[in-house]
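J.: This is the structure, below, for whatever I ask next.
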Amino acid sequence: MIRVALAGHRGRAGAEIALALQGAPDVDYVGGAGPGDDLPALLREARPQALVDFTRPDVAPDNALAAVHAGAAPIVGTSGLSNDVVDRLEAACEQAGVGGIVAPNFAVGAVVMIWLAEMAAPFFEAVEVIETHHAGKLDAPSGTALATARRLAALRRFTYNRPEKVSLEGTRGGEEGGVGVHSLRLPGVVADQEVLFGLAGQTLSIAHRTTSRAAFGPGVLLAIRRIAAEPRFYRGLDDLLDLPSPT
C-alpha cells in the first residue's frame, strides 16, 4: 500500500482526486489538507509517501517543498507554476532522494492530444491552440495550452497571421513562437482544448474534451505508482505513458 495525502481535497478537482485515491486498491489515503489546515502536521503525523497537490499557484510550491522536506514525493497538478519554481522543486527532490512530478494536465487524453499534434505538425503551415476552461480558473492560458504551443513551436516554424487592422484589441489572442493561443472562460465547462492546423484548402482539428474532473484520477494514480517504484522527477505525464517520439 502506498500512503498518499492530498492538498486541496475540498476543491473541485481535489474532491474527485480524493475519490480516486480512496477507490484505488493499492493506495492508503491518509487524509487531506485545505486552506486553514496544518499541512506540515499532516505530513509529520501521517507520514505519506506522496503528497498530491491540486491547489493554487501561490501555495502549491510551498506545499510541494513541505512534502519533500517530510520525505514525501510531490505529485503536483496545480497549473501556472513558473519554470524557476519547477527547477527549484526538482533540485529539492534530487537532494532529498525522492521522486516527484509537475504536470500541466493529468488527463491521459490531453497528453495523447499533444502527442498527436506533434505528429501532425510537420505537415501544416499554421496552427492555433484554443483552450476552454471553467469561469473560475485563475490563470490564462492554461498550462496545457502553453506547453502545447511551445512544443509545437520547437518542431518547426509556423506562419502566424498578423492582421493589418485590429478593431477590437486582443481578438487574435496570444502568440508563442508562431503558434496562436486563445483562452475561453465559461460556466458549464471543465477543461477542453483544440489544436487547429491549417494548410491550403484544408484544416485538421485534434481535440480533447473533459466531461468530468474524474479524468485526472487515472493519471494521478499512474504517477503515484511509478514514482513510488522508481523515485525520479518528471515534468509532465508524457514519460509515464511511454509514447513514441514524434521526431
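The values are calculated or read from the model by the stated rules, or taken from the named source; none is laboratory data. Since the structure is predicted, the reported quantities are computational estimates derived from the model, not experimental observations. FYI the Cβ positions are ideal-geometry reconstructions off the backbone, even for glycines, and counts take in every protein chain you see. All accessible areas refer to the heavy atoms of the entire protein, side chains included, with ligands and DNA or RNA removed. Shrake-Rupley method; radii C 1.70, N 1.55, O 1.52, S 1.80 Å.
J.: Give the number of residues within region 179-208 that are touching a residue at least 60 places away in the same chain (Cβ under 8 Å) and closer than 19 Å to A107 by Cα.
T.: So the count comes out to 8.
J.: Find all pairs meeting these conditions: Cβ atoms under 6 angstrom apart; at least six residues apart or on different chains; first residue within region 56-77 and of a type in the set (K, R); second residue open to solvent by less than 50 Å² (accessible area, probe 1.4 Å) and part of a strand (DSSP E or B).
T.: If the second residue must be open to solvent by less than 50 Å² (accessible area, probe 1.4 Å) and part of a strand (DSSP E or B), no pairs are left.
J.: Just wondering, is there one or more residues in region 90-112 that are in contact with a Lys or Arg (Cβ under 7 Å, 6 or more places away or on another chain) and under 24 Å from T55 (Cα atoms)?
T.: Yes, that holds for at least one residue.
J.: Another question, then. Examine region 186-195 for a residue that is farther than 20 Å from K137 by Cβ and either of a type in the set (G, A, S) or open to solvent by less than 60 Å² (accessible area, probe 1.4 Å) (or both), and state whether such a residue exists.
T.: For region 186-195, residues farther than 20 Å from K137 by Cβ and either of a type in the set (G, A, S) or open to solvent by less than 60 Å² (accessible area, probe 1.4 Å) (or both): absent.
J.: Any residue that is open to solvent by 60 Å² or more (accessible area, probe 1.4 Å), part of a helix (DSSP H, G or I) and at pLDDT below 95 - is there at least one of those in region 15-32?
T.: no
J.: Are any residues in region 34-65 outside any loop (DSSP other than H, G, I, E, B), in contact with a helix residue (DSSP H, G or I) (Cβ under 7 Å, 6 or more places away or on another chain) and either open to solvent by less than 10 Å² (accessible area, probe 1.4 Å) or within 16 Å of P104 (Cα to Cα) (or both), and if so, which ones?
T.: Residues satisfying the conditions are L43, A50, L51, V52, D53, P61, A64.
J.: So, one more: Can you pull out the strands (runs of 3 or more DSSP E) entirely within region 129-247 that have at least 2 residues that are charged (D, E, K, R)?
T.: Strands (runs of 3 or more DSSP E) meeting the threshold: 174-176, 191-199.
J.: A further question follows. Scan region 60-96 for residues that are of a type in the set (V, I, T) and in contact with a Pro (Cβ under 8 Å, 6 or more places away or on another chain) and report the count.
T.: Total satisfying the criteria: 3.
J.: Would you say F216 is under 30 Å from P25 (Cα atoms), touching an Asp or Glu at 6+ places or on another chain (Cβ under 9 Å) and at pLDDT 95 or above?
T.: Answer is yes for this residue.
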